[in-house]
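The values are calculated or read from the model by the stated rules, or taken from the named source; none is laboratory data. Everything quoted here is computed from the prediction, not taken from an experiment. All Cβ positions, glycine included, derive from the backbone under ideal geometry; neighbour counts span all protein chains shown. Note: areas computed on protein heavy atoms with side chains; ligands, DNA, RNA excluded. Shrake-Rupley method; radii C 1.70, N 1.55, O 1.52, S 1.80 Å.
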Amino acid sequence: MDTKALKALQWKVFQNVAAAQLVPLMRIGDELGLFTQLADLGPSDNARFAKAAGIHERYSLEWLCAMCAAGYASYDSDKGQFFLSEEQEAVFAREDSTSLMIGAYDSVASLVMDEPKVRAAFKTGEAARFFKPVYKSNLVSRWLPKIPALTEKLSAGGSFADVGCGHGVSTMLIAEHFPSAEVYGFDFHGPSIEEAKRLAADAGLGERIHYDTRSAKDYTGSFDVIAFFDCLHDMGDPIGAAEHACRQLKEGGLLVLIEPFANDKLEDNFNIVGQMFYTASTMGCVPASMAQEVGLALGAQAGPAKLGMVLQQAGFSTVETVATTATNMVLCARK
Ligand SMILES: C[S@@+](CC[C@H](N)C(=O)[O-])C[C@H]1O[C@@H](n2cnc3c(N)ncnc32)[C@H](O)[C@@H]1O
């Protein structure tokens, strides 16, 4: 045995376990509003913080220390005060921050809760709020401008369909950014569409966005742009969904895909981003796709080459990767 490799592996497990142990503490911090409370209070000793948050002092101290050890909160040892740095506040405490990442822990918690269902699916082959800030900071300011034809069409009052729109985070951003565009949102999950309608009404966009409970293969229209944001790989029949989109697009219309970032070769995804996405994919994306007809199960790490093949088989001639970040990639195809 290579002792050095053994030690490195053990250290890696240690790091991963320490990271996993944060999950319940982050959920508690989120649910009880502890990050926001600490940010609102500013530098405080534990007693003041516990009183303001309405929690037991002993638990509060342990929670604060765990957050400081993780680098998620800060401590001034001279004054004995805990506080959030500007960056910690942006990432954990402010719901309207474009850097907010605390929602990622919701997804991790639900992965753990789904474990028995997915364990059963491993045997039978059956099936069983992470990107919001990413969309807010990238979608209309960085990614869509990389597709000038899209900006041109939607600024001139063109029609846009957000397929698999979920709660409509991206749909609302598009409706706000392109005030004269006709905006549609489709998802086959009724409760998501109801929530999307409620959120749009709250944002004063109720009249602007037409939501409907539709699968990716049964909406109709004549669109300038059709988008699949973080959902094509979740669909049972992504080729059928893309073929259907091709038929609903006007001549010269555009199909835009946003997918989790992935390299084409399996081994090039064996890194921290791949670890996160393969885990989410095993627990969510693969079972979701396998529960539907065809059950192609592209997975969250399909990579641009495989996605390009799906679009080409669906009838799109040119497929281009127009933007990539550490976590996402944006592909565009023209009819
Ligand atoms: C990971 S969520 C992404 C939601 C949203 N596009 C976003 O980026 O926030 C995937 C969405 O695809 C939807 N979906 C999966 N398969 C579908 C299908 N065959 N037809 C329509 N929607 C589907 C799910 O209901 C879910 O809302």
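The condition (being surrounded by 11 or more Cβ atoms within 10 Å (Cβ to Cβ) and at positive phi) is satisfied by just one residue among Gly71, Gly54, Gly33: Gly33. Screening the candidates Ser180, Ser170, Ser155, Ser159 for the property of being on the phi < 0 side of the Ramachandran plot, among the hydroxyl-bearing types (Ser, Thr, Tyr), at pLDDT 95 or above and within 11 Å of the ligand (Cβ to nearest atom) yields one hit, Ser170. Where strands (runs of 3 or more DSSP E) sit wholly within region 172-281, those with at least 3 residues that are open to solvent by less than 40 Å² (accessible area, probe 1.4 Å), within 21 Å of Arg334 (Cβ to Cβ) and of a type outside the set (Asp, Glu) occupy 223-229, 249-260.
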